[in-house]
Structures are given as structure tokens and as C-alpha cells.
Amino acid sequence: MGLFKKKADPLSERARALSSEIAALEAQIKQLDTQLQQPQTRPRLRSTARPRGPAVPAAPAPPREPVFEQVDHDRVKSQTEPETSKAHCNELDVRKLELAGTWRRLKNHFQGPPANNPKLVNYLAAGSIQGLRPMRYEKRVARNRVVALTLLLLIALGGIAAFLFKHR
């Protein structure tokens, strides 16, 4: 039976295949490099002839300028107003209890930052990547696992409690 058998991840299988292909290419490069470095059978002779065309002295390469990306300075300068202002503080400069702000901060704390690549998130949620299950399926599996472990814990605690009450 395949109960305790872990299913193979298609992405890790592909990564393994690519790494073995890279290793084979590196071995081939090494072999070609050693063939190139070996001395050839005929002796190398130095040519006394000069190359045709005008001789151009090698000019030093111009110093490379650092490349900087463009920054939208307006977006950087127009930061949002801080959450605390004079209206949020009492006469002792202590922050007032504001339920709406507290709720928003708590919700933002548990929500986490927005995704860097929303298109990838949509693909993962819909299961559009071949070989990967949709996110709803993965959530359901995780939820069922938590429910099963909770039930197992409750049964174990009930057994311990029954054992302790029986032997009192």
C-alpha cells in the first residue's frame, strides 16, 4: 500500500534532472579543456612575419561608470502620514485608545505584506502550473490534518484523564 509513501514533487524532480545535466556538461567542458591544454604533437614555431594592416596600439579601456537605476523620487518623498498625530494623543502625549486603528494594525499584522508577484499567486491559487495542485486543495489537506491531529490529542488527553480518575 502507498499510505506512507511520499509523492514525488515534479519541481524537485525537474531540478534534479537539470542538475545532473549541468554536471554532465561540466564534465564535458573539463574534458575539452584538458584536450586543449595537452601539448600538441607538432612543435609550435614562432612566426617572424608581421600581421598585415596598420598596427594599432592597444588603448586602455575607459573606466566604467557605475550604472544606477532610476528612482521615482516623488513616490519616495510622498510617504503616508504617520499613524500618530496630535489628534491621536491626549494632553500627556500618550496615545489614545482607538479601536478602529487598533483593529487595523492587528489585521495588518496577521495579514502580512502583499505579494511581490500577484500573477504567480493567481497561478498557484488556480493550480495553473502543471504538476502542482491548486492552493484550495492544499489548504483542505492542511485543515484536515489539523482536525485529525486535534482529535488525536483530545482522545489522548481523554485517555490520560480517564486513567487518572480511575486510579484515584
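Can you give the local net charge around S128? Use residues other than it whose beta-carbon is closer than 15 angstrom to its beta-carbon, Lys and Arg +1, Asp and Glu -1.
Here the charged neighbours net out to +2.
Among Q130, L120, L151, whose Cα projects farthest towards the positive end of the dipole of region 114-168, with charges put on the beta-carbon of Lys, Arg (+1) and Asp, Glu (-1)?
L151
With N denoting the number of residues in region 117-168, provide Rg(C-alpha) divided by 2.2 N^0.38 Å, to two decimal places.
In units of the 2.2 N^0.38 Å rule of thumb, it is 2.00.
Any read-out appearing in this document is the output of simple, stated calculations on the displayed coordinates, not a laboratory observation. Remember, predicted model here, so these are calculated numbers, not experimental data. Quick reminder, even Gly has a Cβ in these numbers, built from the backbone with ideal geometry, and neighbours come from all protein chains shown.
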